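Below is one structure, written out as structure tokens, with a few remarks after it.
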Amino acid sequence: MTASPHTPGSWLIAVLVLLLIRPPPVSADNSSTMRLSGVDYLGDLPTLIADRNGHFQQSGLAIEVQYTDSGKANLQRLRNGRVDYALMALTPLVIDTLEDNTPGEPNDPVILASLVHASHFNHVVTLAERIQTARALQGGRVGMAKGTNAELVWWLFSAYHKLDKSAITLVDYPIDKLPQALLNGAIDAAVMWQPWVAKLSAQADTGLLKLPGSNVYTAKWLLVSRREVVDQHPEVTRTLLNAYQAAIDDIARNPDAVLQQYADRAGIDAQHFADSWQNLAYALNLDWSLITTFQQQQAWAYQMGYGDGHPSGPSRILPLLAPAALRSIAPSAVGLPLNMTWQRSLAPE
């Protein structure tokens with residue numbers, strides 16, 4: 001006897017067929033679209049390559065990538081929940097910890113990995129027709145984006161050249177406004193990073209001068225999230241780190257091609273990035289050097305008047321570290337021992 005379309009046997013066959021032909025369900029951890037905020041910055045090349053070369057999409061991530069002009073802006077967006085992951089230098093995080101009167105909250109930033117180690121990368125620049133030496137800046141005006149690593153670069157630079165800081169006026173400008181401010185004479189020098197140095201160089205008819213001494217600063221570029229995001233989406237976080245590793249592998253295999261991709265986005269000839277490009281080291285890691293650099297910058301930030309409390313050594317940096325995701329995909333990239341006070345945060349999910 002032929003089974004009715006509504007008999008249990010027919011329903012069982014239909015269910016089996018559906019299970020065979022439909023795609024596997026997406027994990028609940030990966031189902032919602034996450035938001036990531038990168039920076040238009042040569043140090044953040046891994047984000048551009050992961051985005052443009054499809055590494056985010058190929059890994060199965062549903063992620064919306066946005067770009068801003070600075071890590072400081074990204075930290076604000078991360079704090080207020082507008083994005084879930086963000087890229088930034090260490091300095092805005094250091095300042096944030098000193099000014100955070102309620103540490104330990106779910107929206108606190110946590111560091112997932114460092115992506116870049118670089119020197120000769122942030123520059124004090126001027127127009128060659130106006131200034132020839134750092135000493136000639138005495139009595140002048142220097143522009144920078146305050147609250148970013150540009151402020152630290154200037155402090156180190158002025159100490160290196162033994163400048164009288166009281167004789168120099170510091171002017172706060174967004175990074176994208178600095179080139180025009182220097183060209184029109186509103187300032188005598190500027191603290192800048194790529195691609196803005198390259199953009200200014202392309203506009204400066206009489207020549208752009210990078211004043212010596214900027215190399216006293218070593219840059220670290222970080223992938224940061226919020227504690228609540230890392231806790232709620234461990235698999236997304238691990239997948240994101242894998243995508244970044246794939247992008248860094250692309251950079252190592254095809255340096256000329258990826259630099260051209262960056263130059264095309266910036267609208268600047270790649271030759272303008274040649275000097276900076278030689279001083280970049282892209283790598284996914286999390287180690288003791290970050291702790292040491294954090295403590296040094298924390299002492300500087302407190303001296304500059306940021307925050308109400310005294311710097312308190314490792315207790316400030318340890319809650320910021322979230323190495324579990326990176327350790328799970330690349331154990332050798334995490335140079336932090338397990339038997340430290342933050343051991344619980346290092347445990348596999």
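The accessible surface of the stretch 153-305, taken with every protein chain in place and a 1.4 Å probe, is 47 percent carbon and sulfur.
Model label sites at ARG82 and THR102, defined 7 Å from Cα along the beta-carbon direction, differ in position by 2.1 nm.
Checked against a 23 Å cut-off, the cross-linked pairs LYS162/LYS199; LYS146/LYS210; LYS165/LYS199; LYS165/LYS220; LYS177/LYS210 give Cα-Cα distances beyond that limit for LYS162/LYS199; LYS165/LYS199; LYS165/LYS220.
Please compute the contact order of the chain in relative form: average sequence separation of alpha-carbon pairs under 8 Å and at least six residues apart, divided by the residue count, as a percent.
Numbers: 583 pairs, mean separation 83.8, N = 349.
It comes to 24 percent, rounded to a whole number.
Which number do you get for Rg(Cα) / (2.2 N^0.38 Å) in the stretch 149-191?
Values: Rg = 10.9 Å, N = 43, 2.2 N^0.38 = 9.2 Å.
Normalised by 2.2 N^0.38 Å, the Cα Rg of the stretch 149-191 equals 1.19.
With the chain treated as a Gaussian network of Cα nodes joined by springs under 10 Å, which of THR68, THR47, THR102 yields the largest mean-square fluctuation? So, out of THR68, THR47, THR102, the one fluctuating most is THR102.
Mind pulling the angle between the C-alpha long axis of helix 288-303 and the longest principal axis of the chain? Nearest 10 degrees, somewhere in 0 to 90. The helix 288-303 is inclined about 50 degrees to the chain.
Taking the longest Cα principal axis of the chain as reference, the axis of helix 149-160 is set at about 30 degrees. The phi-based Karplus calculation (6.51 cos²θ - 1.76 cosθ + 1.60; θ = phi - 60°) puts the 3J(HN,Hα) values of the stretch 65-79 at 9, 10, 9, 10, 9, 7, x, 4, 5, 5, 5, 4, 5, 5, 4 Hz, whole numbers, x for Gly and Pro.
May I ask you to give the average projected area over all directions of the convex hull of the Cα atoms of the stretch 198-336, in nm² rounded to one decimal?
Values: hull surface 45.7 nm².
Taking the Cα atoms of the stretch 198-336, their convex hull projects to 11.4 nm² on average.
Which one of PRO92, PRO103, PRO46 has the biggest mean-square fluctuation once the chain is modelled by GNM with Cα springs under 10 Å? Of PRO92, PRO103, PRO46, the most mobile in the Gaussian network model is PRO103.
For GLN194, nonlocal amide neighbours, meaning residues 5 or more places apart or on other chains whose placed amide H falls under 5 Å from its own, are LEU42. Per-peptide packing, taken as the mean over residues of other Cβ atoms within 10 Å, places 257-268, 231-242, 164-175 in the sequence 231-242, 257-268, 164-175 from highest down.
So with the 1.4 Å probe, I'd like the accessible area per residue for the chain, rounded to whole Å².
Computed with neighbouring chains in place, this is 45 Å² per residue.
The values are calculated or read from the model by the stated rules, or taken from the named source; none is laboratory data. These numbers were taken from a predicted model, which means no experiment stands behind them. In this analysis, Cβ positions are derived from the backbone assuming ideal geometry, glycine residues included, and neighbour counts consider all displayed protein chains. Side chains are part of the model used for accessible areas, which takes the heavy atoms of the whole protein and leaves out ligands, DNA and RNA. Shrake-Rupley method; radii C 1.70, N 1.55, O 1.52, S 1.80 Å.
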